[in-house]
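These notes are about the structure you will find just below.
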Amino acid sequence: MLSPEALTLNHWLSPAFPTGAFAYSHGLEQVIARGDVTDAPGLEYWLADVLRFGSGWQDSVLLACALADGADTAGLDALCHALQPCAERLQETQEQGAAFARTVAQITGRDLPSRTLPIAVAEAAAPLGLAPQTVIAAYLQAFLTNLVTIGIRHVPLGQGAGHGVLARLLPLVPALAQAASLASADDLGNCCLGADMAAMEHETKDVRLFRT
């Protein structure tokens with residue numbers, strides 16, 4: 001049986017939580033527009049790289065660092081700002097983080113500052129007392145679910161094909177969460193240049209469906 005704390009975390013990271021995640025494609029809109037992702041296998045390949053080598057890993061390590069006892073969350077938030085490869089990625093993590101912290105503060109009565117998304121989640125989740133790998137895994141599942149939903153709508157994919165992508169990617173999450181929970185700031189890194197370039201290109205679009 002899930003504990004009340006785990007259920008609370010699931011609530012905060014669910015699609016129903018008002019972070020506006022549905023409006024941010026993480027550069028996926030640009031990748032689809034230029035024909036690099038046209039089907040379920042292409043989406044799966046792209047998301048797996050982002051998860052293992054891009055912002056999936058980077059956010060996971062930042063989240064783990066921010067959950068550590070005595071963490072300098074303000075310093076980690078500044079580091080998260082500095083690690084963003086372009087203006088849209090910074091907008092994505094700042095705006096979602098601010099919305100997340102604001103809503104958790106309204107629910108709990110806690111005074112939560114506006115932070116980038118992984119740091120906001122860590123500050124909110126720390127009192128729940130959950131294992132860091134549990135928090136990180138839930139974060140990654142929410143991240144993947146949002147991007148798969150965008151792929152379903154925008155490639156477009158059928159619901160079965162899209163959720164098949166998610167089902168095949170989810171087994172990667174526990175190992176990544178475990179590795180990130182044992183990592184330090186020295187393990188931060190991002191070598192997913194295709195996704196970063198797509199986010200930069202998206203900034204120049206005159207017409208767009210998604211904010212990033």
**Study point:** Count of residues meeting criterion [on the phi > 0 side of the Ramachandran plot and under 14 Å from the mean Cα position of the chain (by Cα)] in the stretch 1-35
**Key:** 3
Exercise for review: Quick one: T149 ticks every box in (1) surrounded by fewer than 21 Cβ atoms within 10 Å (Cβ to Cβ); (2) touching a Gly at 6+ places or on another chain (Cβ under 6 Å) except a single one, so which number is it?
Suggested key: (2)
Practice item. Using the structure shown, decide if L7 is among the aliphatic types (A, V, I, L, M), closer than 16 Å to H202 by Cβ and without any contact (Cβ under 8 Å) to a residue 40 or more places away in the chain. Key: no
**Study point:** Of all residues in the stretch 174-193 being assigned to a helix (DSSP H, G or I), in contact (Cβ under 8 Å) with a residue 40 or more places away in the chain and not small (G, A, S), the one that is farthest from F143 (Cα to Cα)
**Key:** D187
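Please enumerate the residues belonging to the stretch 73-89 that are closer than 20 Å to M200 by Cβ and either surrounded by fewer than 18 Cβ atoms within 10 Å (Cβ to Cβ) or among the acidic types (D, E) (or both).
H81, A82, A87, E88
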Exercise for review: Write out, first by first residue and then by second, each pair whose Cβ atoms fall under 7 Å of each other, whose residues are 6+ apart or on separate chains, and whose first residue, in the stretch 120-148, is on the phi < 0 side of the Ramachandran plot while the second is small (G, A, S) and at pLDDT below 95.
Suggested key: N146/A21
Review point. Of the residues A185, A122, A198, which is among the aliphatic types (A, V, I, L, M), surrounded by fewer than 17 Cβ atoms within 10 Å (Cβ to Cβ) and in contact with a helix residue (DSSP H, G or I) (Cβ under 7 Å, 6 or more places away or on another chain)?
Key: A185
**Study point:** Top-ranked residue in the stretch 69-96 [being among the small types (G, A, S) and either touching a residue at least 60 places away in the same chain (Cβ under 8 Å) or touching a Cys at 6+ places or on another chain (Cβ under 7 Å) (or both); ranked as nearest to C191 (Cα to Cα)]
**Key:** A87
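Quick check: is even one residue across the stretch 107-125 in contact with a His (Cβ under 8 Å, 6 or more places away or on another chain) and of a type in the set (A, V, I, L, M)?
Our first condition is that a residue be in contact with a His (Cβ under 8 Å, 6 or more places away or on another chain); within the stretch 107-125, this holds for 116.
Filter once more, so that each one left must be of a type in the set (A, V, I, L, M): none.
Within the stretch 107-125, none of the residues are in contact with a His (Cβ under 8 Å, 6 or more places away or on another chain) and of a type in the set (A, V, I, L, M).
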Check your understanding: Quick check: anything in the stretch 88-98 within 29 Å of P174 (Cβ to Cβ), touching a Gly at 6+ places or on another chain (Cβ under 8 Å), of a type in the set (S, T, N, Q) and at pLDDT 95 or above?
Key -> yes
Review point. Just checking, how many residues over the stretch 36-72 are surrounded by fewer than 21 Cβ atoms within 10 Å (Cβ to Cβ), over 18 Å from T149 (Cα atoms) and either over 16 Å from the mean Cα position of the chain (by Cα) or of a type in the set (D, E) (or both)?
Key: 5
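The values are calculated or read from the model by the stated rules, or taken from the named source; none is laboratory data. Worth saying up front: this structure is predicted, and the values here are computed from it rather than measured. All Cβ positions, glycine included, derive from the backbone under ideal geometry; neighbour counts span all protein chains shown.
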